[in-house]
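The values are calculated or read from the model by the stated rules, or taken from the named source; none is laboratory data. Quantities reported herein were computed from a predicted structural model and do not represent experimental measurements. Using ideal geometry, Cβ is built from the backbone for each residue, glycine included, and neighbour counts are taken over all protein chains shown.
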Amino acid sequence: MTTQEQTLETFKKLCQKYINFLGVHDFHVSYEIEDPGEEEEGVSCKYYLDRTGGQIITLSLNPKFEFNQENLKLTAKHEIIEALLLGKIRDMLLAYYSQTLVDEEIHRVVRILENRLK
């Protein structure tokens, strides 16, 4: 198993820990390693609906990003809070407010929760 594959497996386990803790089981979550091109973020997130209306989220680790145990844990926590816990709220707010305003507010809430959840 390559280092990237080991990092992905660790990331999956950390995400599952936060999924279980927060009880956000209404999405199917898949994981992959994908080069985002010019992006410098560690993880990207894509939302899909399947044919039955089920919600699918794919979290993609950037193979160029330097992960360590601490920032991988923080990234997993951040992505689960932002995508699974607050993702639907983000989508609803975007119907009424600008992307910038919604992102600022979502990230304010994410930071509060990140600081409270260990």
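Of the set (1) buried (at least 17 other Cβ atoms within 10 Å of the Cβ); (2) over 24 Å from N115 (Cβ atoms), all apply to K46 but (1). Is it true that L22 is over 21 Å from G87 (Cα atoms) and surrounded by 12 or more Cβ atoms within 10 Å (Cβ to Cβ)? For L22, the condition - over 21 Å from G87 (Cα atoms) and surrounded by 12 or more Cβ atoms within 10 Å (Cβ to Cβ) - is not met.
Condition check: modelled with pLDDT under 90, more than 21 Å from I106 (Cα to Cα), in contact with a His (Cβ under 9 Å, 6 or more places away or on another chain) and of a type outside the set (K, R). Does G54 satisfy that?
Working: modelled with pLDDT under 90: yes; more than 21 Å from I106 (Cα to Cα): yes; in contact with a His (Cβ under 9 Å, 6 or more places away or on another chain): yes; of a type outside the set (K, R): yes.
Yes, satisfied.
Of the residues in segment 84-92, none is surrounded by 14 or more Cβ atoms within 10 Å (Cβ to Cβ), touching a helix residue (DSSP H, G or I) at 6+ places or on another chain (Cβ under 9 Å) and among the β-branched types (V, I, T). Filtering segment 49-75 down to residues that are β-branched (V, I, T) and out of contact with any Ser or Thr (no Cβ under 7 Å at 6 or more places or on another chain), which residue is nearest to R116 (Cα to Cα)? If we take residues in segment 49-75 being β-branched (V, I, T) and out of contact with any Ser or Thr (no Cβ under 7 Å at 6 or more places or on another chain), then T75 is nearest to R116 (Cα to Cα). Scan segment 28-41 for residues that are at pLDDT 90 or above and surrounded by 12 or more Cβ atoms within 10 Å (Cβ to Cβ) and jot them down. Those that are at pLDDT 90 or above and surrounded by 12 or more Cβ atoms within 10 Å (Cβ to Cβ): H28, V29, S30, Y31, I33, E34. The requirement of being loosely packed, with under 11 Cβ neighbours inside 10 Å and either touching an Asp or Glu at 6+ places or on another chain (Cβ under 8 Å) or not acidic (D, E) (or both) is fulfilled nowhere in segment 75-83; no residue meets it. Selection of segment 93-102 for residues being under 18 Å from the mean Cα position of the chain (by Cα), without any contact (Cβ under 8 Å) to a residue 12 or more places away in the chain and surrounded by 11 or more Cβ atoms within 10 Å (Cβ to Cβ) yields an empty set. Out of K13, K17, one residue alone is out of contact with any Asp or Glu (no Cβ under 7 Å at 6 or more places or on another chain), outside any strand (DSSP E or B), surrounded by 13 or more Cβ atoms within 10 Å (Cβ to Cβ) and modelled with pLDDT of 95 or more. It is K17. Counting the residues of segment 62-106 that are assigned to a helix (DSSP H, G or I) and within 21 Å of K17 (Cα to Cα) gives 19.
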